[in-house]
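Enquirer: Here it is: the structure, laid out below.
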Amino acid sequence: MLEWKAFFRSASFRTNLALKILMIFVAIYFTVIFLAMGIGVFFLIKKEMDLDPLIVVNRFMIYYFLFDLMMRLFLQKIPVMNIRPLLTLPIKKSTIVNFALGKTMLSFFNIVHCFFFVPFSIVLLIQGYDVTSVILWHIGMWSLVYVNNFLNILLNNKDYLFFIFIVLVLGLGTMQYYDLFDVTDYTSVFYQGLFDTKYLFLVPVVVLIALYAITYNYFMKNLHLDTGLSSKHSIAKTEQFTWLDQFGTVGTFLKNDIRLIKRNKRSKTTIFMSVLFLFYGLLFFASGIESYDNPMMHMFAGIFVTGGFLFTFGQFVPSWDSAYYPLMMTQNIPYKGYLNSKWWLIVIATAISTVVASFYLYFGLEIYLIIVVGAVYNIGVNSHLVLLGGAYTKTPVDLNSTKGAFGDKKAFNLKTMLISLPKLLLPVIIYGLGYYLINPMTGLALVALAGVLGFALRNKVFTWIEKIYKAEKYKTLDAYKQKG
Amino acid sequence: MIQAKNLSKTYNGTTVLKIDNLEIQKGESFGLVGNNGAGKTTFFSLLLDLIQPSTGEIINNDFRVDHSESWKSHTASFLDESFLIGYLTPEEYFYFIGDLRGQNKADVDALLQKYEEFFNGEILNSKKYIRDFSKGNQKKVGIIATLIGNPKVIILDEPFANLDPTTQFRLKKIIKELADNPEITVLVSSHDLLHTVEVSNRIVALQKGEIVKDIQTSSETLEELERFFAV
């Protein structure tokens, strides 16, 4: 109940309705993909590879589940329970914990597997596989899905795990690809066993029950304000960054922004994302995926490689300062200086990314040129667009999203990605026009020109954003007052 | 110094504040008392242009607050924790405010030194971020930050709440000192009649958004107010 009310009554619910609809579309898209996979995979494997589809599926199941766990660690939010006020009410602790855990079980991340496993199992049945075995296999798979669900909850506090999993999956994949070590040789025995050996399905079921019990106990034990629900206190050190004083107001704000990023979990993810985006280009330039290997897609990636920070940080300006927006509004603050500092931060991050991205030279000078041009466009155009968009963003940012066991921990989510998409289309189109109508170099020159042009208009844009800030002031203040 | 004319604030047909005319003189120490929902914070928010008035206007030193921003340079305020930056240490916060008000590090240090007693050794060099402080200590930070840069108008909402008795006593001393300066106008709101009477030379009582009492403080003021609120 509480959760529903918080959801419907928050300002972001109304203002972001369009976004919600977009997210629903994305959800439907994934659903359809999984559905198609569930039905299609059987016939595809049978036809193309002439192997028993079940054996092939079981073979790659280890990657399926590892990947699932990775996605969960990164994207799945542990439901934010407004749990503190519930503690003193006459509700049994076990009810609170069961409710919280039960809620995670209904998450989209679990439901989506339905669309793969259910049709796949039905296809198996129609194709004359043993009924009991299929059902037992199915139960086994579901248990494993939920094992992942609870693993995610238990592991959620540890960010470095995500990296470990990436390395693990990449490592296993590479070794298998080069025939060094094939992990599926061992794991497929287990997954296939779920089908062949009746009673083996009990193993995942038992593991699931055990995990539920562990999670349950963990939360029962930590359900106090000073343990699971407390915030960690770190030792603070005053940092003056006096070298920034020479930059005047910009320096003043820049100091704060650096501290903001350093000291808050939520903002730290932006750095993490920039690193991740930096490597995103590999998918496109390493000729790994055929449909990605064309000029339009290359430009797309070029923007992404250096734009990670821009996209993830920029669009939440001024929301990063939402917690103390009334302070900012009553101080004698020049908006220009404020915007300028955020802009510089974005520019610096983009520049650093461009330098780091020089390893793309490995794929040839042209590829790196695309990235450099992408960076020019990012600095000239996207940095303004993103600040402009931010002026309308009225979702308060909860910087202290590390509130222990039940806190809202996942700062990065699908929404963040979706708002960013339009900023990518324009350069891709410009590049495409130049590339196909004249030649590749013209395409690059046009995009770079757009960047320079945008840069020249900087003052105009800033004045414009300033106006929006002023016009939206009361609404923004009001929206920021409602947390979360 | 501050003038409110025909001021009203209405939310969905409910009028939460209605002040026909209120003038606060320069150098006055102005106390605002009233029960919950009487409109104290609403008045301060309007004065700081954090919300829009439904009708009327507030003029702060010749500047209409919702038209000009010039009042910001001589006005300092602390309403609640949204005036603090949680991820900063108190020192960083003070220097940041100092930067915004054109004070250098030495100026700020001098001011902090002056109020060392008020901090009671719990604020400076504490190796803690503001977000990790208790409510009372956060309030100390916020209150002292309003004094940076010699503001002409100081606005404090419920400054005594959450403070321990000793600190309340010290705060009263600080506010009285400010009140004695004819250049500084202090506006304080409180539930606590005794505190307000002690630090203010003029008290206005609000009830359901309207001014019901407007008195110059004298020895009988406390009694008069207590009689009024004892319903």
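Enquirer: May I ask you to say which residue of B:Gly37, B:Gly27 is open to solvent by 20 Å² or more (accessible area, probe 1.4 Å), touching a residue at least 60 places away in the same chain (Cβ under 8 Å) and assigned to a loop (DSSP other than H, G, I, E, B)?
Expert: B:Gly37
Enquirer: Let me ask you something else. If A:Phe219 satisfies all but one of (1) more than 14 Å from every other protein chain (Cβ to nearest Cβ); (2) at pLDDT below 80; (3) buried (at least 20 other Cβ atoms within 10 Å of the Cβ); (4) under 30 Å from A:Ile370 (Cα atoms), what's the number of the condition it fails?
Expert: The number of the failed condition is (4).
Enquirer: Could you figure out which of (1) touching a Ser or Thr at 6+ places or on another chain (Cβ under 7 Å); (2) open to solvent by less than 40 Å² (accessible area, probe 1.4 Å); (3) more than 30 Å from B:Ser126 (Cβ to Cβ); (4) not charged (D, E, K, R) isn't true of B:Thr217?
Expert: Unmet condition: (2).
Enquirer: Among the listed residues A:Phe116, A:Phe165, A:Phe190, identify the single one that is among the aromatic types (Phe, Trp, Tyr), under 16 Å from A:Phe65 (Cα atoms) and open to solvent by 50 Å² or more (accessible area, probe 1.4 Å).
Expert: A:Phe190
Enquirer: Please specify each residue of segment A:366-401 satisfying the condition of being more than 23 Å from A:Ile348 (Cα to Cα), assigned to a helix (DSSP H, G or I) and of a type outside the set (Phe, Trp, Tyr).
Expert: If the condition is that a residue be more than 23 Å from A:Ile348 (Cα to Cα), assigned to a helix (DSSP H, G or I) and of a type outside the set (Phe, Trp, Tyr), then A:Glu366 is the only one that fits.
Enquirer: I'm trying to understand the selection: among the residues of segment A:239-294, which are modelled with pLDDT under 80, charged (D, E, K, R) and in a helix (DSSP H, G or I)?
Expert: Within segment A:239-294, A:Asp245, A:Lys265, A:Arg266, A:Lys268, A:Glu290 meet the criteria.
Enquirer: List the number of the failed condition for A:Thr249; all other conditions in (1) β-branched (Val, Ile, Thr); (2) more than 10 Å from chain B (Cβ to nearest Cβ); (3) in contact with a Gly (Cβ under 9 Å, 6 or more places away or on another chain) hold.
Expert: (2)
Enquirer: For segment A:318-332, indicate whether the set of residues that are open to solvent by 20 Å² or more (accessible area, probe 1.4 Å), within 14 Å of chain B (Cβ to nearest Cβ) and in contact (Cβ under 8 Å) with a residue 40 or more places away in the chain is non-empty.
Expert: Yes: one or more hits.
Enquirer: State all residues of segment A:259-285 that are within 14 Å of chain B (Cβ to nearest Cβ) and open to solvent by 60 Å² or more (accessible area, probe 1.4 Å); if no residue qualifies, say none.
Expert: Residues satisfying the conditions are A:Lys262, A:Lys268.
Enquirer: Another question, then. Consider B:Glu81 carefully, then state whether it is over 21 Å from B:Glu183 (Cβ atoms), more than 9 Å from chain A (Cβ to nearest Cβ) and of a type outside the set (A, V, I, L, M).
Expert: In short, no.
Enquirer: Would you say A:Tyr338 is within 10 Å of another protein chain (Cβ to nearest Cβ), closer than 18 Å to B:Leu100 by Cβ, hydroxyl-bearing (Ser, Thr, Tyr) and in a helix (DSSP H, G or I)? It would help to see each step written out before you state the result.
Expert: On the way: within 10 Å of another protein chain (Cβ to nearest Cβ): no; closer than 18 Å to B:Leu100 by Cβ: yes; hydroxyl-bearing (Ser, Thr, Tyr): yes; in a helix (DSSP H, G or I): yes.
Here the answer is no, as A:Tyr338 does not meet what is asked.
Enquirer: I would also like to ask the following. Can you find even one residue in segment B:111-121 that is among the small types (Gly, Ala, Ser), open to solvent by 20 Å² or more (accessible area, probe 1.4 Å), at pLDDT below 90 and within 30 Å of B:Pro165 (Cα to Cα)?
Expert: Taking every residue of segment B:111-121 in turn, at least one turns out to be among the small types (Gly, Ala, Ser), open to solvent by 20 Å² or more (accessible area, probe 1.4 Å), at pLDDT below 90 and within 30 Å of B:Pro165 (Cα to Cα).
Enquirer: Give the number of residues within segment B:126-137 that are within 12 Å of chain A (Cβ to nearest Cβ) and open to solvent by less than 30 Å² (accessible area, probe 1.4 Å).
Expert: 4
Enquirer: Pick from A:Leu75, A:Leu17: which is at pLDDT below 75, surrounded by 14 or more Cβ atoms within 10 Å (Cβ to Cβ) and more than 21 Å from A:Pro204 (Cβ to Cβ)?
Expert: A:Leu75
Enquirer: In segment B:85-125, which residue that is among the small types (Gly, Ala, Ser) and on the phi > 0 side of the Ramachandran plot is nearest to the other protein chains (Cβ to nearest Cβ)? Don't jump to the end; show me each part of the working.
Expert: So the first thing to find is which residues in segment B:85-125 are among the small types (Gly, Ala, Ser), and the list is B:86, B:98, B:102, B:106, B:110, B:121.
From the residues that got through so far, the ones that are on the phi > 0 side of the Ramachandran plot too are B:102, B:121.
Values: B:Gly102: 9, B:Gly121: 16 Å.
Only one residue tops the list, namely B:Gly102.
Enquirer: Okay, next question. Select the helices (runs of 4 or more DSSP H) contained entirely in segment B:133-231, then report the ones holding at least 3 residues which are closer than 25 Å to B:His74 by Cβ.
Expert: Details: elements: B:135-145, B:165-180, B:193-199, B:221-229.
Ranges flagged: B:135-145, B:165-180.
Enquirer: Something else now. Going through B:Ser54, B:Ser45, B:Ser68, B:Ser73 one at a time, which residue ends up being within 18 Å of B:Leu7 (Cβ to Cβ) and open to solvent by 50 Å² or more (accessible area, probe 1.4 Å)?
Expert: Going through B:Ser54, B:Ser45, B:Ser68, B:Ser73 in turn, just one is within 18 Å of B:Leu7 (Cβ to Cβ) and open to solvent by 50 Å² or more (accessible area, probe 1.4 Å): B:Ser54.
Enquirer: How about segment A:429-439: which of its residues are of a type outside the set (A, V, I, L, M), open to solvent by 30 Å² or more (accessible area, probe 1.4 Å) and part of a helix (DSSP H, G or I)?
Expert: Answer for segment A:429-439, where residues must be of a type outside the set (A, V, I, L, M), open to solvent by 30 Å² or more (accessible area, probe 1.4 Å) and part of a helix (DSSP H, G or I): A:Tyr435, A:Tyr436.
Enquirer: Here's something else I'd like to know. Does A:Gly337 meet the test of being within 26 Å of A:Leu276 (Cα to Cα), open to solvent by less than 20 Å² (accessible area, probe 1.4 Å) and of a type outside the set (Phe, Trp, Tyr)?
Expert: Values: within 26 Å of A:Leu276 (Cα to Cα): no; open to solvent by less than 20 Å² (accessible area, probe 1.4 Å): yes; of a type outside the set (Phe, Trp, Tyr): yes.
It is false that A:Gly337 is within 26 Å of A:Leu276 (Cα to Cα), open to solvent by less than 20 Å² (accessible area, probe 1.4 Å) and of a type outside the set (Phe, Trp, Tyr).
The values are calculated or read from the model by the stated rules, or taken from the named source; none is laboratory data. Owing to the predicted nature of the structure, the values given are computational and were not obtained by experimental measurement. Glycine gets a Cβ as well: all are built from the backbone with ideal geometry, and neighbour counts include every protein chain shown. Each accessible area value is taken on the protein alone, full model and side chains, heavy atoms only, with ligands, DNA and RNA left out. Shrake-Rupley method; radii C 1.70, N 1.55, O 1.52, S 1.80 Å.
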